[in-house]
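Notes follow once the structure below has been shown.
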Amino acid sequence: MEDSYRHKGLRKQLVNSIRQKGITDEKVLKAIESIPRHLFIDSSFLEFAYQDKPFPIGSGQTISQPYTVAFQTELLELGKGMRVLEIGTGSGYQASVLAEMGARVFSIERQRKLFTRTRELLSKMNYQVKTFLGDGYEGLPAFAPFDRILITAAAPEIPQALIDQLKPGGVLVIPYGKDDVQQMLRLRKNTDGTMSTEQHGAFRFVPLLGELGND
Ligand code: SAH
(Lines give C-alpha, C1' and ligand atoms only; values in the text may rest on other atoms or scores of the structure.)
Protein backbone atom coordinates (compact mmCIF):
# COMPACT_ATOMS: atom_id res chain seq x y z
CA MET A 1 0.00 0.00 0.00
CA GLU A 2 2.52 2.50 -1.21
CA ASP A 3 2.01 6.26 -1.09
CA SER A 4 5.01 7.84 -2.80
CA TYR A 5 6.23 11.43 -3.18
CA ARG A 6 4.91 11.29 -6.71
CA HIS A 7 1.42 10.41 -5.47
CA LYS A 8 1.58 13.20 -2.91
CA GLY A 9 2.65 15.67 -5.59
CA LEU A 10 -0.20 14.62 -7.86
CA ARG A 11 -2.61 15.09 -4.96
CA LYS A 12 -1.39 18.63 -4.38
CA GLN A 13 -2.15 19.40 -8.03
CA LEU A 14 -5.56 17.80 -7.72
CA VAL A 15 -6.34 19.91 -4.65
CA ASN A 16 -5.29 23.06 -6.54
CA SER A 17 -7.60 22.23 -9.40
CA ILE A 18 -10.54 21.53 -7.05
CA ARG A 19 -9.83 24.81 -5.25
CA GLN A 20 -9.90 26.63 -8.59
CA LYS A 21 -13.30 25.08 -9.31
CA GLY A 22 -14.67 26.78 -6.21
CA ILE A 23 -14.20 24.52 -3.18
CA THR A 24 -13.20 26.69 -0.20
CA ASP A 25 -13.61 24.46 2.87
CA GLU A 26 -10.00 23.94 3.97
CA LYS A 27 -10.88 20.87 6.02
CA VAL A 28 -12.28 19.19 2.90
CA LEU A 29 -9.22 20.14 0.84
CA LYS A 30 -6.89 18.87 3.55
CA ALA A 31 -8.68 15.51 3.67
CA ILE A 32 -8.38 15.14 -0.11
CA GLU A 33 -4.72 16.07 0.05
CA SER A 34 -4.02 13.39 2.63
CA ILE A 35 -6.02 10.42 1.31
CA PRO A 36 -4.24 8.11 -1.17
CA ARG A 37 -7.07 7.93 -3.75
CA HIS A 38 -4.97 5.62 -5.94
CA LEU A 39 -5.50 2.83 -3.41
CA PHE A 40 -9.27 2.99 -4.02
CA ILE A 41 -9.05 2.18 -7.73
CA ASP A 42 -7.57 -0.70 -9.69
CA SER A 43 -3.78 -0.40 -9.56
CA SER A 44 -3.37 -0.76 -13.32
CA PHE A 45 -5.11 2.62 -13.71
CA LEU A 46 -2.81 4.53 -11.40
CA GLU A 47 -2.40 7.51 -13.72
CA PHE A 48 -6.15 8.18 -13.54
CA ALA A 49 -6.34 8.34 -9.75
CA TYR A 50 -5.41 12.00 -9.52
CA GLN A 51 -7.30 13.38 -12.48
CA ASP A 52 -10.49 15.17 -11.53
CA LYS A 53 -12.69 12.52 -13.14
CA PRO A 54 -15.00 9.71 -12.08
CA PHE A 55 -13.64 6.20 -12.66
CA PRO A 56 -15.14 2.68 -13.01
CA ILE A 57 -14.74 0.50 -9.89
CA GLY A 58 -16.44 -2.67 -11.18
CA SER A 59 -20.01 -3.94 -10.78
CA GLY A 60 -21.12 -1.15 -13.14
CA GLN A 61 -20.30 1.52 -10.53
CA THR A 62 -17.95 4.48 -10.37
CA ILE A 63 -15.85 6.28 -7.81
CA SER A 64 -17.17 9.85 -7.89
CA GLN A 65 -15.12 12.67 -9.39
CA PRO A 66 -12.95 14.28 -6.67
CA TYR A 67 -14.64 17.67 -7.26
CA THR A 68 -18.04 16.07 -6.69
CA VAL A 69 -16.83 14.37 -3.49
CA ALA A 70 -15.48 17.73 -2.30
CA PHE A 71 -18.67 19.57 -3.26
CA GLN A 72 -20.99 17.13 -1.47
CA THR A 73 -18.72 17.08 1.59
CA GLU A 74 -18.60 20.88 1.71
CA LEU A 75 -22.42 21.03 1.56
CA LEU A 76 -22.60 18.75 4.60
CA GLU A 77 -21.00 21.37 6.90
CA LEU A 78 -19.33 18.59 8.85
CA GLY A 79 -18.18 18.92 12.41
CA LYS A 80 -15.88 16.55 14.32
CA GLY A 81 -17.67 13.65 16.02
CA MET A 82 -20.83 13.96 13.95
CA ARG A 83 -22.69 10.78 13.08
CA VAL A 84 -22.86 10.56 9.31
CA LEU A 85 -24.79 8.06 7.21
CA GLU A 86 -23.58 7.54 3.64
CA ILE A 87 -25.70 5.72 1.07
CA GLY A 88 -23.55 4.02 -1.58
CA THR A 89 -20.18 2.99 -0.11
CA GLY A 90 -18.80 2.13 -3.57
CA SER A 91 -15.00 2.34 -3.45
CA GLY A 92 -15.03 3.74 0.10
CA TYR A 93 -13.25 6.93 -0.95
CA GLN A 94 -16.03 9.33 0.08
CA ALA A 95 -16.43 7.47 3.39
CA SER A 96 -12.71 7.85 4.07
CA VAL A 97 -12.90 11.60 3.39
CA LEU A 98 -15.67 11.88 5.99
CA ALA A 99 -13.71 9.73 8.47
CA GLU A 100 -10.52 11.73 7.89
CA MET A 101 -12.51 14.85 8.85
CA GLY A 102 -13.40 13.29 12.19
CA ALA A 103 -16.94 12.07 11.46
CA ARG A 104 -18.32 8.78 12.78
CA VAL A 105 -19.24 7.19 9.50
CA PHE A 106 -21.90 4.56 8.78
CA SER A 107 -22.06 3.54 5.13
CA ILE A 108 -24.47 1.26 3.26
CA GLU A 109 -23.75 -0.58 0.00
CA ARG A 110 -26.22 -2.73 -1.89
CA GLN A 111 -23.81 -4.76 -3.99
CA ARG A 112 -22.17 -7.58 -2.06
CA LYS A 113 -18.97 -7.63 -4.12
CA LEU A 114 -18.25 -3.95 -3.56
CA PHE A 115 -19.31 -4.19 0.07
CA THR A 116 -16.87 -7.04 0.78
CA ARG A 117 -13.94 -5.57 -1.10
CA THR A 118 -14.35 -2.08 0.34
CA ARG A 119 -14.90 -3.23 3.90
CA GLU A 120 -11.55 -5.03 3.73
CA LEU A 121 -9.76 -2.06 2.20
CA LEU A 122 -11.10 0.44 4.74
CA SER A 123 -10.09 -1.73 7.65
CA LYS A 124 -6.61 -2.30 6.18
CA MET A 125 -6.25 1.46 5.83
CA ASN A 126 -7.48 1.95 9.40
CA TYR A 127 -10.38 4.22 8.58
CA GLN A 128 -13.07 4.16 11.24
CA VAL A 129 -16.05 3.46 9.00
CA LYS A 130 -18.84 1.03 9.84
CA THR A 131 -19.96 -0.62 6.62
CA PHE A 132 -23.29 -2.37 6.03
CA LEU A 133 -24.67 -4.51 3.23
CA GLY A 134 -28.23 -3.44 2.60
CA ASP A 135 -30.69 -1.14 0.92
CA GLY A 136 -29.87 2.50 1.45
CA TYR A 137 -33.52 3.45 0.99
CA GLU A 138 -34.14 1.92 4.41
CA GLY A 139 -31.27 3.72 6.12
CA LEU A 140 -30.06 2.26 9.42
CA PRO A 141 -32.88 2.66 11.93
CA ALA A 142 -30.89 0.80 14.62
CA PHE A 143 -28.11 3.42 14.47
CA ALA A 144 -30.27 6.54 13.96
CA PRO A 145 -30.53 9.43 14.44
CA PHE A 146 -27.78 10.96 12.29
CA ASP A 147 -26.41 14.50 12.20
CA ARG A 148 -25.74 14.23 8.49
CA ILE A 149 -26.92 11.96 5.65
CA LEU A 150 -25.17 11.83 2.28
CA ILE A 151 -26.56 10.03 -0.75
CA THR A 152 -23.91 9.30 -3.40
CA ALA A 153 -26.16 7.93 -6.17
CA ALA A 154 -28.96 9.58 -8.14
CA ALA A 155 -32.26 9.36 -6.25
CA PRO A 156 -35.62 9.57 -8.04
CA GLU A 157 -37.29 10.08 -4.63
CA ILE A 158 -36.21 11.50 -1.31
CA PRO A 159 -36.61 8.44 0.92
CA GLN A 160 -38.87 9.22 3.89
CA ALA A 161 -36.98 6.68 6.04
CA LEU A 162 -33.85 8.81 5.69
CA ILE A 163 -35.67 12.01 6.62
CA ASP A 164 -37.03 10.21 9.69
CA GLN A 165 -33.49 9.19 10.68
CA LEU A 166 -32.13 12.75 10.52
CA LYS A 167 -31.74 14.74 13.76
CA PRO A 168 -33.52 18.09 14.09
CA GLY A 169 -31.02 20.63 12.77
CA GLY A 170 -29.50 17.86 10.63
CA VAL A 171 -28.52 18.11 6.97
CA LEU A 172 -29.16 15.68 4.10
CA VAL A 173 -27.39 16.03 0.74
CA ILE A 174 -28.89 14.22 -2.24
CA PRO A 175 -28.52 14.26 -6.05
CA TYR A 176 -32.21 14.30 -6.86
CA GLY A 177 -33.88 13.47 -10.16
CA LYS A 178 -35.15 10.75 -12.45
CA ASP A 179 -33.15 11.71 -15.56
CA ASP A 180 -29.43 11.36 -16.27
CA VAL A 181 -28.81 14.82 -14.83
CA GLN A 182 -29.78 15.50 -11.21
CA GLN A 183 -30.10 18.55 -9.01
CA MET A 184 -27.89 18.59 -5.93
CA LEU A 185 -30.20 19.34 -3.02
CA ARG A 186 -29.33 20.26 0.54
CA LEU A 187 -32.21 19.61 2.91
CA ARG A 188 -32.20 20.86 6.49
CA LYS A 189 -34.50 19.49 9.15
CA ASN A 190 -35.95 22.34 11.19
CA THR A 191 -36.56 21.96 14.91
CA ASP A 192 -40.31 21.62 14.26
CA GLY A 193 -39.61 18.66 11.95
CA THR A 194 -40.33 20.52 8.67
CA MET A 195 -37.69 20.52 5.92
CA SER A 196 -36.02 23.44 4.10
CA THR A 197 -34.52 22.75 0.68
CA GLU A 198 -31.77 24.50 -1.30
CA GLN A 199 -30.63 23.69 -4.85
CA HIS A 200 -26.92 23.52 -5.63
CA GLY A 201 -26.58 22.88 -9.33
CA ALA A 202 -26.63 19.99 -11.78
CA PHE A 203 -24.64 16.76 -11.42
CA ARG A 204 -24.52 13.30 -12.98
CA PHE A 205 -24.56 10.22 -10.75
CA VAL A 206 -25.16 6.52 -11.33
CA PRO A 207 -28.71 5.68 -10.18
CA LEU A 208 -29.65 4.29 -6.78
CA LEU A 209 -30.80 0.72 -7.21
CA GLY A 210 -33.70 -0.77 -5.36
CA GLU A 211 -37.42 -0.75 -5.10
CA LEU A 212 -37.73 2.94 -5.83
CA GLY A 213 -34.68 3.16 -8.08
CA ASN A 214 -34.39 2.29 -11.76
CA ASP A 215 -32.83 -1.13 -11.25
N1 SAH B 1 -19.48 6.94 -2.58
C2 SAH B 1 -18.84 6.10 -3.57
C3 SAH B 1 -19.40 6.26 -4.99
C4 SAH B 1 -20.73 5.76 -5.08
S5 SAH B 1 -21.34 5.21 -6.63
C6 SAH B 1 -17.36 6.28 -3.61
O7 SAH B 1 -16.83 7.14 -2.90
O8 SAH B 1 -16.70 5.53 -4.34
C9 SAH B 1 -22.92 4.71 -6.01
C10 SAH B 1 -22.91 3.46 -5.14
O11 SAH B 1 -24.23 3.29 -4.62
C12 SAH B 1 -22.60 2.19 -5.90
O13 SAH B 1 -21.57 1.49 -5.25
C14 SAH B 1 -23.90 1.41 -5.86
O15 SAH B 1 -23.73 0.01 -5.84
C16 SAH B 1 -24.53 1.91 -4.58
N17 SAH B 1 -25.98 1.77 -4.47
C18 SAH B 1 -26.89 1.85 -5.46
N19 SAH B 1 -28.13 1.70 -4.96
C20 SAH B 1 -28.01 1.51 -3.63
C21 SAH B 1 -28.95 1.29 -2.57
N22 SAH B 1 -30.25 1.23 -2.78
N23 SAH B 1 -28.46 1.15 -1.32
C24 SAH B 1 -27.12 1.21 -1.08
N25 SAH B 1 -26.20 1.41 -2.04
C26 SAH B 1 -26.64 1.55 -3.30
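Per residue, how much accessible area does the chain show when a 1.4 Å probe rolls over the protein heavy atoms, in square angstrom?
Working: 10380 Å² over 215 residues.
Here the residues of the chain average 48 Å² of exposed surface.
Would you please put 158-167, 98-107 in order of how densely packed they are, using the mean number of other Cβ atoms within 10 angstrom per residue and starting with the highest?
98-107, 158-167
Treating the angle as unsigned and between 0 and 90°, give the value, to the nearest 10°, between the Cα long axis of helix 66-76 and the longest Cα principal axis of the chain.
40 degrees
Which order do 52, 180 take by accessible area at a 1.4 Å probe, largest first?
Numbers: 52 25, 180 105 Å².
The ranking, largest first, comes out as 180, 52.
Counting only the backbone N, which residues of the range 130-164 are under 11 Å from the spot 7 Å out from the Cα of residue 190 toward its beta-carbon?
Backbone N within reach: none found.
As a test of the definition: which semi-axes, in Å, follow for the chain when you take the square root of five times each eigenvalue of its alpha carbon gyration tensor? Largest first, please.
Details: eigenvalues 132, 70, 58 Å².
Semi-axis lengths for the chain are 26, 19, 17 Å.
Along the charge dipole of the range 73-215, which of 118, 195, 90 sits closest to the positive end, that is, farthest toward it, with unit charges on the beta carbon of Lys, Arg, Asp and Glu (+1, +1, -1, -1)?
The one lying farthest along the dipole's positive direction is 118.
For the range 22-141, give the share of DSSP beta bridges that are antiparallel, in percent and rounded to the nearest 5; count only bridges with both residues there. Intermediate results must be reported in sequence, preceding the final value.
Values: 3 of 13 bridges.
Restricted to the range 22-141, the bridges split so that about 25 percent are antiparallel.
Expressed as an acute angle from 0 to 90° and rounded to the nearest 10, what is the orientation of the C-alpha long axis of helix 5-20 relative to the principal long axis of the chain?
40 degrees
Using Cα atoms only, what is the angle between the long axis of helix 112-124 and the major principal axis of the chain, expressed in degrees (0 to 90) to the nearest 10?
Between helix and principal axis, roughly 60 degrees.
Can you give me the relative contact order of the chain as a percent, contacts being Cα pairs under 8 Å and 6 or more apart? Working shown, then result.
On the way: 413 pairs, mean separation 30.1, N = 215.
Across the chain, relative contact order equals 14 percent.
In nanometres, what is the gap between the two model label sites at residue 26 and residue 123, each 7 Å from Cα along Cα-to-Cβ?
Those two pseudo-labels are separated by 3.7 nm.
If contacts are Cα pairs under 8 angstrom and at least 6 residues apart, what is the relative contact order of the range 52-122 in percent?
Numbers: 93 pairs, mean separation 20.8, N = 71.
29 percent.
For a 32 Å ceiling on Cα separation, which of these pairs sit above it: 8/167; 8/189; 130/178; 12/130; 12/178? Each step should come with its number before you reach the end.
On the way: 8/167 37 Å; 8/189 39 Å; 130/178 29 Å; 12/130 29 Å; 12/178 36 Å.
Among 8/167; 8/189; 130/178; 12/130; 12/178, the Cα-Cα distance tops 32 Å for 8/167; 8/189; 12/178.
So for the chain: antiparallel DSSP bridges make up what percent, rounded to the nearest 5? Before the final figure, lay out the partial values.
Working: 16 of 36 bridges.
Antiparallel bridges: around 45 percent, rounded to the nearest 5.
Using a cut-off of 10 Å between beta-carbons, work out the net charge of the residues near residue 196 (Lys and Arg +1, Asp and Glu -1, residue 196 not included). It would help to have the intermediate numbers written out before the result.
Numbers: positive: 186, 188, 189; negative: 198.
Its environment carries a net charge of +2.
Rounded to the nearest 0.05, what FRET efficiency is calculated for residue 2 and residue 59 with R0 set to 22 Å and r the Cβ-Cβ distance?
Numbers: r = 26 Å, r/R0 = 1.16.
About 0.30, to the nearest 0.05.
Assuming 0.36 nm per residue, please report the length gained on full extension of the stretch residue 181 to residue 133 beyond their Cα-Cα distance. Display every interim value, and only then the final one.
On the way: separation 48, 0.36 × 48 = 17.28 nm, distance 2.68 nm.
Length gained, residue 181 through residue 133: 14.6 nm.
Compute the FRET efficiency between residue 13 and residue 161 as 1/(1 + (r/R0)^6), taking r as their Cβ-Cβ distance and R0 = 45 Å, and round to the nearest 0.05.
Values: r = 40 Å, r/R0 = 0.90.
Result of the calculation: an efficiency of 0.65.
Please list the non-local residues whose amide H lies under 5 Å from the amide H of residue 89, H modeled 1.01 Å from N, same-chain partners needing a gap of 5 or more.
Correct list: 108, 109, 110.
The values are calculated or read from the model by the stated rules, or taken from the named source; none is laboratory data. Bear in mind the structure is a predicted one, so any value in this text is a computation, not a measurement. Positions of Cβ are backbone-derived with ideal geometry, glycine not excepted, and every protein chain shown enters the neighbour counts. For the accessible areas, the whole protein counts, side chains as well, though only heavy atoms, and no ligand, DNA or RNA atoms are used. Shrake-Rupley method; radii C 1.70, N 1.55, O 1.52, S 1.80 Å.
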